[in-house]
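What follows is a set of notes on a single structure, which appears directly below.
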Amino acid sequence: MALPMPPLHYMPGHMALPTPAQQDTNEYNTDELEMNSLLINNLKIQLYLTHLLNIDQQQKKKLGRKARRWFVRSWIAQREQYGHYHQLLPHLQEHDLDSYRYYLRVDHAIFNEILQ
């Protein structure tokens with residue numbers, strides 16, 4: 001015994017679905033029921049594949065991002081503790097000459113020459 005089908009509409013490119021006149025009789029051709037079942041299964045598969053594609057795109061987007069790196073020199077992390085001229089520059093001159101040159105953009109000898 002076949003169950004009554006809900007109202008269906010014509011979909012372009014597919015076999016014609018039952019019309020309201022056919023629905024009144026509650027007698028459906030088995031070919032039409034099979035076609036409707038195939039269409040529903042096709043839509044389910046399309047929905048599932050679309051979902052998988054979205055998940056794949058989200059994962060690729062996450063992998064494309066680089067992990068953020070924070071590199072902080074020890075004297076930058078302690079800048080509130082050190083003053084600019086009387087504390088910071090002597091500390092850099094003793095412990096990190098590269099940072100001293102980078103901070104002032106000149107060597108220590110040239111900086112002292114400029115001051116005189």
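Please treat every number below as a calculation from the coordinates, not as lab data. In this text the structure is predicted, and so the values were computed from the model without any measurement. Ideal geometry is used to build each Cβ from the backbone, glycine not excepted, and the neighbour counts take in all protein chains shown.
Counting beta carbons within 10 Å around each of E80, E34 and listing the fewest first gives the order E80, E34.
Considering only Q93, I76, H108, and ranking their Cα positions along the charge dipole of region 74-115 that arises from unit charges at the beta-carbon of Lys, Arg, Asp and Glu, the one farthest toward the positive end is I76.
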